Every structure is written in C-alpha cells, then in structure tokens.
Amino acid sequence: MHRRLLGIAAGVALGMAAMNAQAPRVVPRPPAPATPGAPAGESATPDGYQPIPQWLGQTHAALPARTAAYAVETVAEGVNGAWFRFLPDGRILVAEKNGRIRIVSQDGKLSSPLGGMPSNMYAAGQGLYSVQPDRRFAANRTIYLTYAVLPEGVDAAKQRSPSHVHVASAKISSDDMRLEDVKDLLDAEGIGGRVIQSADGTLLIETSVPAGLGIKSEDWMQPQQLDSLMGKVLRINADGSIPKDNPFVDKPGARPEIYALGFRDPQGLAIHPKTGKVWTSEHGPRGGDEINAVEKGKNYGFPVIGYGRDYTGKPINNDKTAQAGMEQPVYFWTPDIAPAGIGFYSGKLFPAWQGDLFVSELAGKCLARLVLKDERVIGEERLLVDLNARIRAVNEGPDGALYAMTDGNGGKIVKLVPKK
C-alpha cells in the first residue's frame with residue numbers, strides 16, 4: 001500500500017511537471033505598432049518640464065572644483081559594442097549588439113567573433129546585452145552573458161519587443177576561438193538587461209519593462225509586482241540557483257530571484273569598490289534619467305514615482321516624485337541624457353577622480369563625471385565632448401586609465417590618460 005501511494009504521488013508529480021512543460025509561463029508584451037517602423041529613439045526632451053528635486057544637488061550639480069587634464073588614445077576600432085570588460089591579462093572582452101563576442105588584444109587587434117554562441121539567441125535587433133568574466137576566470141575560463149531569446153510559439157510580428165533577456169554561463173575555449181559548455185541559467189523576462197558579478201560570487205542582473213513611444217507607463221506595473229521579473233535587479237548564484245539570503249525568498253507569491261524592484265529601463269550596472277553596493281543607471285521616459293544606489297529589498301518607485309513624463313508629454317501618476325516606502329535616486333537628469341554603462345574610478349593615474357562615478361551618455365554624447373560624497377552628488381563634469389559621439393560603456397582599466405566605448409557599427413574603444 002505504501003509503495004502504491006508513493007507511486008501515485010510520483011505519477012502526480014510527473015504529470016504536473018509535464019503540464020508545466022507544456023504550459024510555459026506567459027510574460028506580457030505590448031502589441032506590435034499599428035504602423036510599420038521602429039519607435040522613436042531612446043530619449044526625447046520634454047518641453048519645459050523641470051521637476052523639483054528632493055534636495056539640493058539631486059540634479060544639475062555644479063561643476064567640480066577639482067578636475068584633471070587628460071588625453072584621448074584610440075585602443076580599438078570597428079566594434080558594434082554593447083558592453084565590455086577586462087580579462088585578467090589586460091585583454092578586453094567585448095559584447096557586440098549583433099550577437100557576437102570578440103576579444104581585443106593588448107595591441108588593439110580585434111579577434112574574430114567567438115563561435116558556439118547560445119543556440120537559442122534571437123539575433124534580430126540587439127541580440128547580446130552584456131558579458132562578464134568570472135572572478136576566477138584565469139583558473140576556470142568562465143564568463144556570464146545576457147542575451148535575447150524569442151520564447152517558443154511567440155510571433156515576433158505581433159509583439160513589440162517580443163524577446164526575453166536570458167542569463168547564461170559558458171567557458172571560453174583554451175584557444176580563445178569559441179564558447180563551450182553553454183548553460184542557460186535564467187529567463188529574466190525583461191526586454192533587456194546586464195549582468196555583473198559581486199564579491200561573493202553571486203550574479204546581479206538588471207531587467208527592463210516594455211517602455212517607449214506608444215506605451216503608457218501606468219499600464220505596465222510589473223516593476224512593482226513581485227510575481228514578475230521585469231523592472232527589477234535580480235540576484236542568483238553562478239550556477240543559477242537562488243541565494244538563501246535574497247529578500248523575498250520566503251514571501252508567498254514572490255519570485256525569489258528579486259533583489260530590488262521599481263526600475264524602468266536600467267542600462268548601467270556597477271559595484272562600488274569600497275561599499276560593495278550595487279549602483280545602476282536608468283533611462284527615464286521623457287526626462288527622469290536616474291542613478292540609483294541599490295539596497296536589498298528596496299523599491300525604487302517606477303512607475304508610481306519618477307522625474308519624467310510619458311512620451312506623449314503627459315504626466316505619469318500626476319507627476320508624483322516621492323512616496324513613503326519608495327527610494328529616491330541619488331541623481332537624476334531632466335532633460336534626458338540617455339545614460340548607458342557606468343563605472344567607478346579608483347586608479348592612481350587621476351587622483352582628482354578617485355571615488356567618482358562615470359556615466360556614459362548616449363543622447364548627451366559625452367562621459368559624465370559625478371563627484372560623490374556619502375552617496376550624494378556634489379559635482380558634475382562633462383568629458384569627451386569633442387568626440388561628438390554617443391558613449392555606450394565605461395570601465396577602469398588594469399593600468400589605471402579610464403576606458404570608454406562609443407556606440408554604433410563603427411564604434412571605438414578609447415582610453416583617457418593624463419595629459420603631458
């Protein structure tokens with residue numbers, strides 16, 4: 001009898017697993033636009049809208065008293081970059097938007113695209129969002145990547161932004177030619193997102209919610225919903241399992257991967273070198289681009305509060321900018337700058353920049369230097385203005401120089417060094 005009951009229970013479990021396999025989770029997406037063509041660009045300046053900050057310096061900070069003269073050197077050309085990171089030997093690992101990973105040698109030569117990319121990658125539009133070497137890459141040759149996957153059965157012609165961002169691990173072959181042992185770790189549900197690894201080895205992933213021209217922000221409340229992974233910062237272990245100390249692990253109905261919530265379209269992701277806190281940059285709608293210092297379990301507000309307006313120019317939630325239980329951005333920009341990658345500087349080549357946060361600007365076509373004091377911005381400076389180029393990503397190099405990547409098919413990686 002006991003064995004029979006065990007058999008029935010096992011059969012029920014198998015049946016439920018089969019049902020779940022046949023009925024994958026449905027994640028909402030807006031319908032495709034009625035008229036052909038892509039929506040308007042990433043940034044649209046609002047007409048005269050200037051929200052009131054919560055404190056002096058939360059926006060429009062003054063020019064810093066200390067600065068540094070720098071020269072710009074070209075490191076590599078011809079990249080279609082989305083993200084880049086340094087390998088332990090000083091080479092640069094580049095994720096290209098068209099779904100390719102390439103390695104830049106120390107003398108600036110671009111490798112051929114690595115083979116063995118995930119077989120389920122959806123290469124229409126942007127296929128690859130980021131790549132991150134494991135902290136022990138020199139020993140295990142492991143990397144992590146975020147990329148687009150079109151869910152099975154979805155008609156891309158009928159949905160806008162139909163793909164989901166996925167997180168995977170892989171190993172780079174010993175001859176640097178291809179990826180091996182590719183493992184899909186998580187369907188993160190959002191329309192895009194980046195991955196970074198923290199000091200404890202866990203992976204932090206940011207995800208976006210559908211947004212843009214023709215989408216009303218208040219119709220997409222997923223950033224506030226704990227049963228959705230969209231509009232979140234997520235945290236998983238390097239093997240895809242869930243850390244036991246995640247904030248919503250024991251909350252009924254909540255996704256245990258969630259680390260923080262209330263984001264619209266985060267584009268940059270960095271870890272503070274001293275505090276270990278996660279920082280993000282975020283695209284607002286029309287205005288309201290943000291920098292956030294992210295804490296476990298906290299709510300960063302969108303679309304309940306924010307400093308921007310919808311693409312129609314109409315207020316979001318009556319222009320509400322603050323609410324109890326929701327966090328304020330460290331800094332915001334209205335009009336837009338379209339912030340992308342971010343990075344902290346702790347090198348020795350530029351003493352005046354120690355501890356500063358650098359923000360890539362797409363619409364602003366520059367690199368913003370934010371001078372920080374106790375998580376408040378006390379100065380803002382615009383660098384690389386003469387390049388007149390959209391800046392996609394920024395990182396400190398192992399040589400103490402500051403590296404930035406320009407956007408587009410003919411993008412460059414440049415480095416800033418002290419001016420002689």
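The values are calculated or read from the model by the stated rules, or taken from the named source; none is laboratory data. As the structure is a prediction and not an experimental result, all values here were calculated from the model. Because the Cβ atoms are built from the backbone with ideal geometry, glycine has one as well, and the counts that use them run over all protein chains shown. Quick note on the areas: whole protein, heavy atoms, side chains included, nothing else; ligands and nucleic acids left out. Shrake-Rupley method; radii C 1.70, N 1.55, O 1.52, S 1.80 Å.
Here is how the numbers come out for the structure above:
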| quantity | calculated |
| --- | --- |
| Where ASP219 falls short, out of the listed (1) free of Cβ contacts under 8 Å to residues at least 60 places away in the same chain; (2) touching a helix residue (DSSP H, G or I) at 6+ places or on another chain (Cβ under 9 Å); (3) among the charged types (D, E, K, R) | (2) |
| Number of positions in segment 292-303 that are surrounded by fewer than 20 Cβ atoms within 10 Å (Cβ to Cβ), assigned to a loop (DSSP other than H, G, I, E, B) and touching a helix residue (DSSP H, G or I) at 6+ places or on another chain (Cβ under 9 Å) | 0 |
| Residue that is surrounded by the most Cβ atoms within 10 Å (Cβ to Cβ) [pool: residues in segment 92-117 that are of a type in the set (S, T, N, Q) and closer than 11 Å to VAL75 by Cβ] | SER105 |
| Residues being part of a loop (DSSP other than H, G, I, E, B) and either among the small types (Gly, Ala, Ser) or closer than 22 Å to ASP374 by Cα (or both) - total across segment 308-320 | 1 |
| Filter pass, PRO243 being touching a strand residue (DSSP E or B) at 6+ places or on another chain (Cβ under 8 Å), within 28 Å of LEU362 (Cβ to Cβ) and in contact (Cβ under 8 Å) with a residue 12 or more places away in the chain | no |
| Filtered residues of segment 193-220 (kept if part of a strand (DSSP E or B) and either of a type in the set (S, T, N, Q) or open to solvent by 10 Å² or more (accessible area, probe 1.4 Å) (or both)) | ILE196, GLN197 |
| Qualifying positions in segment 341-379 - over 22 Å from the mean Cα position of the chain (by Cα) and among the acidic types (Asp, Glu) | ASP374 |
| Residues of segment 325-344 classified as outside any strand (DSSP E or B) and either in contact with a His (Cβ under 9 Å, 6 or more places away or on another chain) or farther than 27 Å from GLY276 by Cβ (or both), total | 4 |
| Filter result for LEU402 (hydrophobic (A, V, I, L, M, F, W, C), open to solvent by 10 Å² or more (accessible area, probe 1.4 Å) and at negative phi) | no |
| Pairs, first farther than 17 Å from SER346 by Cα and modelled with pLDDT of 95 or more in segment 369-398, second open to solvent by 50 Å² or more (accessible area, probe 1.4 Å) and aromatic (Phe, Trp, Tyr), C-beta under 8 Å, six or more apart | ARG376/TRP55; LEU383/TYR70 |
| Sole exception among (1) closer than 21 Å to THR146 by Cα; (2) crowded, with 20+ Cβ neighbours inside 10 Å; (3) over 19 Å from the mean Cα position of the chain (by Cα) for LEU269, by number | (3) |
| Number of the exception - GLN159 against (1) open to solvent by 20 Å² or more (accessible area, probe 1.4 Å); (2) in contact with a helix residue (DSSP H, G or I) (Cβ under 7 Å, 6 or more places away or on another chain) | (2) |
| Segment 118-133 residues that are surrounded by fewer than 18 Cβ atoms within 10 Å (Cβ to Cβ), paired with ones that are modelled with pLDDT of 95 or more and of a type in the set (Asp, Glu) (beta carbon under 9 Å, 6 or more apart) | ASN120/ASP184 |
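For (1) modelled with pLDDT under 90; (2) open to solvent by 70 Å² or more (accessible area, probe 1.4 Å); (3) in a helix (DSSP H, G or I), each residue gets a yes or a no:
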site	(1), (2), (3)
LEU6	yes, yes, yes
ALA9	yes, no, yes
VAL12	yes, yes, yes
PRO24	yes, yes, no
GLY37	yes, no, no
